[in-house]
Amino acid sequence: MSLIPFSSGNHVRLLHSGEAFFSALLQAIATAQAEIRLETYIFATDATGQKIADALSAAAQRGINVHVMVDGFGSPDFMPGLGEQMRRAGVEVMIYRPELARFRMRKQRLRRLHRKLACIDAGVGFIGGINIIDDLDDAGRPRLDYTVRVEGPVVAPIHHTMTRLWELVRWASLGRRYRAAPPRQITTASEGQMHAALLVRDNLRHRRSIENAYLDAMQNAQNEILIANAYFLPGRRFRQALIDAAQRGVNVTLLLEGKVEYRLQYFATLALYEQMLSAGVNIYEYRHSFLHAKVAVIDDDWATVGSSNIDPFSLLLAREANLVVRDKAFASSLRADLTHAIATGGVKIEGWVKLPWYYRLAAWLAYGTVRTLIGLAGYSKLH
């Protein structure tokens, strides 16, 4: 029996790439009637960031209560530019953990705000992996990434978790509690029938909520596990669940990054290829553009979209948020999109031994480096 707190009566719409997400977000901002909340890891000073900042500023100037929180490490240049612009327009702006003048390898310094959430009038929510940034590679191709637009009862916990974090950060910054008045919730005519649940990862009550949801779904998988993840470096329990599923006949497929943004993470992931391939796991590298997705489909009715990578930084340290959906139509839509991505941009990895020796050496050196970093942060083992 699943321990995930699913609610029924939701409508969840899949948004592929930044173009679809930004269009839907701008529309929601423009029609807001009472409140807008936005959290993001990166709020870039580029054309996309300027467009979203202008829309939020305009909303504040017409009397909407606008709250924006960005991560201090992901967006180090935010406040001198767009942050100050929005603040002058009446937007309330908060920086999550801005103190990074002297970086030290302590776990509290690595606890970043990595989730990407938005909530409009406590009635419409957005959750996924897309930052506020121009969503294109050097060749003008969009990153492979996803967000969902949600309506229904699941929006309430999205609003609650955003409001709660705002209160905590404001308290830490000002030394006193702050509670905003609850917004007027805008009812919609949604005919949603989907079961959905918000899962967050934090360092209090929800340390392993996202990881445990994956483990439960994989351990009960009967036919297929399809995971697309940008930074894939799971611990032993996660790897074993994938291996066990493959060995009992489940079709296990991983779509991982092939066009490299960060070499350390990429080469550390290569160190796991031999074990996964030997167990019968299919591995594809996406090389058409950058892969930034953090999504999965398991069997025909379980799917997740969110901000959590499957690596120690997301699963052990950062604040993350994923939506889990139990719905055959939604799972089928996401699966079709991922299958298309594999067919048009994926390259199948046939064997570890076919990689050049210097790739294999770099992989093990990178894997050892990541393990050392996690150990210095206070986690001696990748569980």
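Laboratory data are not the source of any read-out in this text; all were calculated from the coordinates shown. Keep in mind the model is a prediction, meaning the values are calculated, not measured. Cβ atoms come from the backbone with ideal geometry, glycine included; neighbour counts cover every protein chain shown.
Couple of notes before you dig in:
- Sorting the Cα pairs of region 1-101 by distance into bins of 10 Å, from 0 upward, gives 14, 41, 29, 13, 3, 0 percent per bin.
- Added length on full extension, which subtracts the Cα-Cα distance from 0.36 nm per residue, residue 6 to residue 136: 43.4 nm
- Taking one quarter of the surface of the convex hull spanned by the alpha-carbon atoms of region 204-376 gives a direction-averaged projected area of 9.7 nm².
- Counting only alpha carbon atoms, the long axis of helix 209-219 and the longest principal axis of the chain meet at about 40°.
- Candidates 268, 258, 240 compared by Cα position along the dipole of region 204-376: farthest toward the positive end lies 268, with charges placed on Cβ.
- The C-alpha atoms of the chain define a longest principal axis, and helix 17-30 lies at about 20 degrees to it.
- Beta bridges by DSSP in the chain, antiparallel share as percent, to the nearest 5: 65 percent
- The chymotrypsin sites (Phe, Trp or Tyr not before Pro) of region 225-281 meeting both criteria, a DSSP state outside H, G, I, E and B (loop) and at most 15 other C-beta atoms within 10 angstrom of the site's C-beta, are 262.
- Sparse-neighbourhood loop sites, GluC sites (Glu not before Pro) in region 253-312 - DSSP loop, at most 14 other Cβ within 10 angstrom: 261
- Amide N of region 197-239 lying under 15 Å from the label point, which is placed 7 angstrom from the Cα of residue 339 along Cα→Cβ: 223-227
- Formal net charge of residues neighbouring residue 113 (Cβ-Cβ distance under 12 Å; K, R +1; D, E -1): +3
- Fewest neighbouring Cβ atoms within 10 Å first, the residues 350, 320 line up as 350, 320.
- For region 4-84, trypsin sites (Lys or Arg not before Pro) meeting the loop criterion (DSSP other than H, G, I, E, B) and having at most 16 other Cβ atoms within 10 Å: 62.
- The angle between the Cα long axis of helix 155-174 and the longest principal axis of the Cα atoms of the chain comes to about 70 degrees, rounded to the nearest 10.
- Euclidean distance of C-alpha centroids, region 202-281 and region 7-51, integer Å: 28 Å
- Full extension of the segment from residue 208 to residue 350, taken as 0.36 nm per residue of separation minus the current Cα-Cα distance, would add 47.9 nm.
- For the chain, the equivalent ellipsoid derived from the Cα gyration tensor has semi-axes of 33, 24, 20 Å, listed largest first.
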